[in-house]
Each structure stands twice: as C-alpha cells, then as structure tokens.
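Asks: Before anything else, here's the structure in question.
The values are calculated or read from the model by the stated rules, or taken from the named source; none is laboratory data. Bear in mind the structure is a predicted one, so any value in this text is a computation, not a measurement. Every residue, glycine among them, receives a Cβ derived from its backbone with ideal geometry; neighbour counts consider all protein chains shown.
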C-alpha cells in the first residue's frame with residue numbers, strides 16, 4: 001500500500017508488521033553487539049500496543065549511535081536516518097535539543113514487550129506533543145482514548161519535561177480527544 005506524502009511529491013510506502021519485526025530484530029542485534037541501549041517508539045510501537053496505525057519506518061531512541069547502521073541523513077532534532085539490513089528505513093533518535101531529557105528518561109523507563117524494548121505508554125503523549133505533527137495528534141488521541149494510558153502519570157511527564165503550560169495544553173487535548181470520540185459514536 002502506498003500513500004502520498006503531503007509535504008512533497010515523494011511517496012511513502014507502508015510496511016507490513018513482519019517486515020518491521022525483522023528490521024527491529026536486526027536493529028536490536030546490532031545495538032546489543034555494540035552495547036547501545038535502544039527502545040522502540042513511533043508507529044510500530046503503537047502497533048505493538050494495539051493501534052491500527054500504519055508506518056513506513058522504524059523509530060528507536062538510543063543512548064548513542066549504532067555504528068553498524070551508518071547514517072544516511074541527519075534528523076533535524078538529533079539522530080539520523082539509516083536502513084536496517086532488510087532495507088527498512090530507520091530513524092535513530094538521539095535528541096540534542098530541549099526535549100533531550102524526555103527521551104533519555106523514556107529510554108531509562110522502557111519496558112520489554114514481545115521481546116522488544118519499547119517506550120512506555122505514559123511517555124508517548126509527551127513525545128507526540130513535542131513532535132506536534134498531524135499524525136502525532138491522531139496518535140495522541142488513540143493513546144488517550146484506546147490505549148489504557150495512565151492519564152495522570154502522562155500529564156506529570158508532560159509537565160516535568162514540557163512545562164506547566166504544556167500541562168494545560170495536555171488537558172485541552174485530552175478533553176478534545178474525548179469529545180471527538182464521543183461525537184463519533
């Protein structure tokens with residue numbers, strides 16, 4: 001399945017869960033060999049948590065670069081895009097901006113699901129707010145309505161890393177998500 005990327009004329013291909021799983025296994029293998037701590041985040045992480053969100057890449061937060069996965073291009077906020085050995089696009093997130101502490105803490109608190117270290121649900125809303133793209137707001141809504149995230153704990157993380165005004169925005173986004181979900185029923 002393909003879709004058009006609204007920001008350019010290039011196309012983005014969505015990948016099936018088997019391809020994504022193979023890529024994650026390959027990433028984890030290289031990370032372990034180099035003693036790099038990693039945790040999955042992004043669209044495939046949401047799939048593991050039960051979302052029907054499609055994705056065309058794998059996103060991992062890491063404590064440092066994975067040397068076996070050479071950079072193709074830098075990410076604007078820190079890290080780089082690369083490819084897993086199976087050809088799957090991979091973003092290795094190494095935040096070097098004012099959200100660095102959020103990502104480091106999320107990595108420290110990652111849990112293992114289905115054999116994969118993954119950012120916990122409570123950190124994902126703050127990460128989605130920090131990114132602020134349309135798909136991140138849709139992901140935020142899924143997290144609030146369907147994932148079972150601990151809203152109180154998620155807000156504490158938002159306030160700690162994004163500030164008190166972000167806490168107010170979090171409350172507004174939660175209320176809007178609940179309203180939208182009720183309206184759709």
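Asks: Which of the residues belonging to the stretch 118-146 are surrounded by 19 or more Cβ atoms within 10 Å (Cβ to Cβ) and either touching a strand residue (DSSP E or B) at 6+ places or on another chain (Cβ under 9 Å) or not in a helix (DSSP H, G or I) (or both)?
Replies: Within the stretch 118-146, 118, 119, 120, 122, 123, 124, 127 meet the criteria.
Asks: Which condition number does residue 149 fail, the rest of (1) closer than 14 Å to residue 121 by Cβ; (2) assigned to a helix (DSSP H, G or I) being met?
Replies: Answer for residue 149: the failing condition is (2).
Asks: Filter the stretch 31-56 down to residues that are over 11 Å from the mean Cα position of the chain (by Cα) and closer than 16 Å to residue 107 by Cβ and give me whichever is surrounded by the fewest Cβ atoms within 10 Å (Cβ to Cβ).
Replies: 35
Asks: Here's a follow-up. For the stretch 160-175, indicate whether the set of residues that are touching a residue at least 60 places away in the same chain (Cβ under 8 Å) and part of a helix (DSSP H, G or I) is non-empty.
Replies: Yes: one or more hits.
Asks: Select from the stretch 57-102 the residues that are modelled with pLDDT under 95, under 13 Å from the mean Cα position of the chain (by Cα) and over 22 Å from residue 35 (Cβ atoms) and list them in ascending order.
Replies: none
Asks: Failed condition for residue 102, given (1) part of a helix (DSSP H, G or I); (2) not assigned by TED's automatic domain parsing to the domain that holds residue 23, with all others met?
Replies: Here residue 102 meets the rest and fails (2).
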